[in-house]
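The values are calculated or read from the model by the stated rules, or taken from the named source; none is laboratory data. What you see is a predicted model, and the numbers here were worked out from it, not measured in a lab. Heads up, the Cβs are rebuilt from the backbone with ideal geometry, glycines too, and the neighbour counts pull from every protein chain shown.
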Amino acid sequence: MNTLEAIHYRRSIRAFTPDPISDDDLITLIQAGAAAPSAGNAQRWVFIAVRNPKRLLAVQSLAPGIISKPAAVIVLCADFRQDDGSREAIREAIGYDLGAALQNILLAATELGLGGCPVGSFNAQGLAHLLNLPAGIEPKLLIAIGKPKFIPQKPPKKPLEDIFFEETYQVGS
Ligand SMILES: Cc1cc2nc3c(=O)[nH]c(=O)nc-3n(C[C@H](O)[C@H](O)[C@H](O)COP(=O)(O)O)c2cc1C
């Protein structure tokens with residue numbers, strides 16, 4: 001599967017088979033995330049993979065956005081420990097950085113025959129406690145990962161004529 005194929009084939013997967021995720025596949029996913037661009041190459045991120053069934057259940061109990069049982073959850077965390085004072089700018093940059101890492105992981109999962117779903121609906125405080133996160137490291141987004149039970153249909157996407165303009169924005173075209 002080439003990159004463009006993976007981009008268009010990827011779907012948010014919300015139904016998984018019981019198959020586990022191998023160590024090799026997990027490392028491939030994390031390496032893909034860590035290869036993403038980041039503002040100033042600061043890489044203010046930490047990735048925590050949960051595969052232990054008991055801990056997975058605990059994560060799920062804190063994350064109503066996970067609607068079926070994944071083989072793993074990857075927690076994308078922002079690392080604010082090297083904060084240089086301009087906290088708001090750093091927060092904004094980290095959002096972009098983690099978004100890029102998210103998409104790299106989802107595309108790598110697609111390539112490996114796995115599937116993932118970003119999950120923004122979770123209890124950040126509870127998760128930080130469960131994962132033993134030190135002060136300055138905050139969970140920002142989860143990715144539920146597993147082998148897809150099926151690939152859902154592509155949900156409606158906005159037509160390009162509504163969201164794409166050449167050269168300048170055009171009103172009412
Ligand atoms: C930041 C973010 C948070 C999301 N949170 C959830 C979530 O909590 N639960 C869920 O089932 N899907 C979640 N999604 C997945 C979106 O619903 C999904 O990307 C969207 O419906 C488009 O479908 P597609 O990914 O197959 O293109 C989230 C996606 C993003 C980017």
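So is Gly126 more than 12 Å from the ligand (Cβ to nearest atom), of a type outside the set (A, V, I, L, M), more than 19 Å from Leu29 (Cβ to Cβ) and in contact with a Leu (Cβ under 6 Å, 6 or more places away or on another chain) or not? Steps first, answer last, please.
On the way: more than 12 Å from the ligand (Cβ to nearest atom): yes; of a type outside the set (A, V, I, L, M): yes; more than 19 Å from Leu29 (Cβ to Cβ): yes; in contact with a Leu (Cβ under 6 Å, 6 or more places away or on another chain): yes.
When the stated conditions are applied, Gly126 passes them.
With respect to the numbered conditions (1) crowded, with 20+ Cβ neighbours inside 10 Å; (2) under 26 Å from Met1 (Cα atoms), which one is the sole condition not fulfilled by Ala63?
(2)
Can you confirm whether region 97-114 contains a residue that is more than 27 Å from Asn52 (Cα to Cα), within 12 Å of the ligand (Cβ to nearest atom), in a helix (DSSP H, G or I) and not acidic (Asp, Glu)?
no
Would you confirm whether any residue within region 131-152 is more than 16 Å from the ligand (Cβ to nearest atom), modelled with pLDDT of 95 or more, in a helix (DSSP H, G or I) and under 24 Å from Ile27 (Cα atoms)?
Scanning region 131-152 turns up no residue that is more than 16 Å from the ligand (Cβ to nearest atom), modelled with pLDDT of 95 or more, in a helix (DSSP H, G or I) and under 24 Å from Ile27 (Cα atoms).
Among the residues of region 80-95, is any at negative phi, more than 15 Å from the chain's Cα centre (by Cα), surrounded by fewer than 21 Cβ atoms within 10 Å (Cβ to Cβ) and in contact (Cβ under 8 Å) with a residue 60 or more places away in the chain?
no
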